[in-house]
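This report refers to the structure that appears directly beneath it.
Each value in this text was obtained by applying a stated rule to the coordinates, not by laboratory testing. Just so it is clear, the structure is predicted and the values come from calculations on it, not from any experiment. All Cβ positions, glycine included, derive from the backbone under ideal geometry; neighbour counts span all protein chains shown.
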Amino acid sequence: MEKIIITIDGYSSCGKSTLAKQLAKQLNYIFIDSGAMYRAITLYFLDNKVDIKDTAAIEAGLRQIKLKFVNNAATGQSDIWLNGENVEKAIRSMRVSNHVSDIATLEAVRHFAVAQQQAMGQKKGIVMDGRDIGTTVFPKAELKIFMTASIEVRTHRRYDELKAKFPDISLEEVKENLLKRDLIDSTRKISPLRQAKDAITLDNSRLSMPQQLDIATGWAEEILKKTQLATKNHQLR
Ligand code: DC
């Protein structure tokens, strides 16, 4: 069966990864959280005190980084591993959240991550979420979704998610971090967060998870039908 590439971009904490994960499961596709890659790079840079004003230090740091996604049998999720260690929890800390957008603006970091993301999509059958997936990583993706939700909804979602892992966190701190990251992500020079011209908007402020999954699955099925029809017609010619 023909496979497609699905990209999901949008502001922080819109629920992109949740939808991408569920959509990938439904279609039996690979799910990649590209933000986890930028977070893991940030964790490495912080732990190893890489000076982000020094290009040579950034490049040397990146040469030491090996990232991979490994299926976690206990949770059924795909966890990110950095140099042989599962860093899925560590990359979600506020320490990493407070620095990741700045590190994601660096040219060498973007080249490093984008090259690996494009390699993962070579065989298609992938759902990837992030900020520049439909614009830079897979500009020819068959289905591009741009997700939005109000800042209040996003703050509460991220707060609820983080509270269990980091009990000291405050609602205000979470909101401030989201707004700051949105600003850096959408105003940076290289691959800023933008809605691709051919992306469909999905505002999930008032949608439940099953409702948003239904909508996105409908879009994917429609495109898959068209793709299969086009292939059939091509074969008949
Ligand atoms: O999706 P997330 O919040 O975990 O992403 C963390 C940061 O990584 C986000 O603030 C911006 C950056 N990012 C990016 O620049 N490009 C992507 N494709 C994904 C994330």
Please list, ordered by first then second residue, the pairs with beta carbon atoms under 6 Å, 6 or more apart or interchain, first in the stretch 17-39 and on the phi < 0 side of the Ramachandran plot and among the basic types (K, R), second crowded, with 20+ Cβ neighbours inside 10 Å and in a helix (DSSP H, G or I). R39/I91; R39/V96; R39/V100
Do we have K175 as outside any helix (DSSP H, G or I) and of a type in the set (K, R) here? no
Name the single residue, out of those in the stretch 1-35 being crowded, with 23+ Cβ neighbours inside 10 Å and among the aliphatic types (A, V, I, L, M), that is farthest from the ligand (Cβ to nearest atom). L23
Among the candidates V137, V153, V100, V114, which residue alone is away from the ligand (no atom under 13 Å from the Cβ) and within 28 Å of Q212 (Cα to Cα)? V153
Could you list, in sequence order, the residues of the stretch 145-162 that are in a loop (DSSP other than H, G, I, E, B) and touching a helix residue (DSSP H, G or I) at 6+ places or on another chain (Cβ under 9 Å)? A149
Only one of G76, G84, G61 that is more than 16 Å from the ligand (Cβ to nearest atom) and buried (at least 21 other Cβ atoms within 10 Å of the Cβ): G61
Just to verify a result, which residue in the stretch 44-57, among those that are within 16 Å of the ligand (Cβ to nearest atom) and over 23 Å from K175 (Cβ atoms), is surrounded by the fewest Cβ atoms within 10 Å (Cβ to Cβ)? I52
